[in-house]
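Novice: Here it is: the structure, laid out below.
Please treat every number below as a calculation from the coordinates, not as lab data. These figures come from a predicted structure and were not determined experimentally. Heads up, the Cβs are rebuilt from the backbone with ideal geometry, glycines too, and the neighbour counts pull from every protein chain shown.
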Amino acid sequence: SNQFMKTIMIFILSMTTLIFSANLPSMMLGWEGLGMSSFILIMFYKSKKALTSSFLTMMINRVGDITLIMSALFFMNMNSWSFETFCNLSMSKEPIMLMMVALFSKSAQLPLSSWLTEAMAAPTPVSALVHSSTLVTAGIYIMIRFESTISNMKMTKVVMFISMITIIMAGMNSITEWDIKKTIALSTLMQLSIIFFSISLNLFKLSMFHLILHATFKALIFLCASTFINTFNTQDMRKMSTASHHMSSTQTAFNLANLSMCGFPFMSG
């Protein structure tokens with residue numbers, strides 16, 4: 001529908017604004033655009049589950065928005081809104097810690113991670129775009145932009161601890177989950193936590209490389225999953241056992257993307 005495509009375009013425009021922002025006001029503009037457009041996309045089906053999931057997502061993201069605004073109030077004491085100025089000046093820990101809470105909420109790290117699986121109520125193409133390669137990676141991207149500040153302020157231990165706990169939690173939850181979209185969402189959460197763990201080790205270039213590769217193979221996994229869901233008319237993986245017989249090409253692409261996510265030799269993951 002036209003409304004769906006318009007919302008997708010607003011989301012892409014907001015993400016582009018966030019990526020190319022050179023100062024805090026433009027970053028916050030893209031940040032809010034991401035939050036509002038994702039809220040509309042999740043409630044697209046207008047079912048009770050979709051409405052509940054969209055409001056939960058919005059409320060958790062509002063926590064990050066509030067801490068980001070509080071962080072911006074600290075930055076107002078400086079003469080410039082530019083990121084370059086922030087990275088070159090010595091700052092107190094308070095604004096950086098508040099910003100990190102906002103980044104963790106956007107990238108679904110504990111204790112603000114429950115919204116990611118609930119956001120799977122959105123249409124699968126939205127999940128492929130929003131919840132694999134753009135919205136959830138926004139927090140990681142901004143943290144990489146502030147790499148020098150985070151390294152200098154010894155904040156890496158906090159990032160390491162939170163990412164390790166999130167990896168364990170997501171792995172344990174995925175063992176008992178049979179919904180294919182929620183399982184993929186939990187694998188996304190694990191991959192994001194691994195990237196945060198790389199950031200905690202000051203491996204910023206590796207983190208950016210992992211971020212780009214993850215966006216590629218995870219979008220493919222989501223799109224293959226949408227084909228399975230439309231064919232079998234269910235999201236329960238236990239009822240998709242005959243996929244290899246009926247959909248060999250889709251199953252092959254799905255397996256290749258999964259091998260890449262596992263870091264199989266000669267794959268990009």
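Novice: Report the Stokes-Einstein translational diffusion coefficient (µm² s⁻¹, integer) for the range 2-261, Rh taken as the Kirkwood radius over Cα pairs, at 10 °C with viscosity 1.306 mPa s.
Specialist: Roughly 84 µm²/s, to the nearest whole number.
Novice: Can you pull the semi-axes for the range 84-146, root of five times each eigenvalue of the Cα gyration tensor, sorted largest first, whole Å?
Specialist: Semi-axes, largest first: 28, 13, 5 Å.
Novice: Right, next: May I ask you to list the lysines whose Cα is less than 25 Å away from that of residue 218, ignoring any residue fewer than eight positions away on the same chain?
Specialist: By straight Cα distance, residue 218 reaches 6, 49, 106, 181, 182, 205, 239.
Novice: Something else now. When the Karplus curve 6.51 cos²θ - 1.76 cosθ + 1.60 is applied with θ = phi - 60°, which whole-Hz ³J(HN,Hα) does each residue of the range 60-75 get, with x for Gly and Pro?
Specialist: 3J(HN,Hα) across the range 60-75, in whole Hz: 5, 5, 5, 4, x, 5, 5, 5, 5, 5, 4, 5, 5, 5, 5, 5.
Novice: Still on this model: Enumerate the amide H contacts of residue 23 below 5 Å, restricted to partners 5 or more residues apart or on another chain; note that Pro and chain-start residues carry no placed amide H.
Specialist: 83
Novice: If you don't mind, there's one more thing I want to ask. Give me the net charge of residue 69's neighbourhood, meaning all other residues with Cβ under 12 Å from the Cβ of residue 69; Lys, Arg count +1, Asp, Glu -1.
Specialist: -1
Novice: Expressed as a whole number of Å, what is the distance separating the alpha-carbon centroids of the range 69-129 and the range 215-269?
Specialist: One Cα centre to the other: 31 Å.
Novice: Which net charge results for the neighbourhood of residue 186, defined as the other residues with beta-carbon distances under 14 angstrom from its beta-carbon, given Lys and Arg at +1 and Asp and Glu at -1?
Specialist: Taking every other residue near residue 186 into account, the sum is 0.
Novice: For the range 51-156, just the Cα set please: Rg and Dmax, both in angstrom.
Specialist: Rg, Dmax (Cα atoms, Å): 15.1, 44.
Novice: To continue, here is another question. Applying the Karplus parametrisation 6.51 cos²θ - 1.76 cosθ + 1.60 with θ = phi - 60° to the phi angles of the range 5-10, what ³J(HN,Hα) value in whole Hz is obtained for each residue in order, glycine and proline being reported as x?
Specialist: Values, residue by residue: 5, 5, 5, 4, 5, 5 Hz.
Novice: Any aspartates and glutamates with Cα under 18 Å of the residue 154 Cα? List them, leaving off those in the same chain fewer than 8 positions away.
Specialist: 94
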